[in-house]
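What follows is one structure encoded as structure tokens, with my remarks underneath.
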Amino acid sequence: MLGAGSETEHSRGVFGITWLLPLNIESRYWLDTDGGGRFAFAKAFAQPPRLALLG
């Protein structure tokens, strides 16, 4: 359990970068000292101010 005053047997370093791709796609990449890595992509859709959705 992590918290104030806790000690872990193993610690690792993490390096990450966030990059904005074309079409407003956000990409994230992580590497750690254990040799593992991760990546993620996210897309946000902006709604123009004069666009309305009526139902």
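Of all residues being charged (D, E, K, R) and assigned to a strand (DSSP E or B) in segment 27-44, which is farthest from residue 16 (Cα to Cα)? Just the residue, please. It comes out as 43.
Just one of (1) at positive phi; (2) modelled with pLDDT under 75 fails for residue 35. It is (2).
Of all residues in segment 13-34, those that are within 24 Å of residue 45 (Cβ to Cβ) and free of Cβ contacts under 8 Å to residues at least 12 places away in the same chain have Cβ atoms under 9 Å from Cβ atoms of residues that are surrounded by 12 or more Cβ atoms within 10 Å (Cβ to Cβ) and of a type in the set (Lys, Arg), 6 or more apart or on another chain, in 18/28; 19/28.
The values are calculated or read from the model by the stated rules, or taken from the named source; none is laboratory data. The structure presented is a predicted model; accordingly, all values stated were derived computationally and were not measured. With ideal geometry, Cβ positions are generated from the backbone for all residues, glycine too; neighbour counts draw on all protein chains shown.
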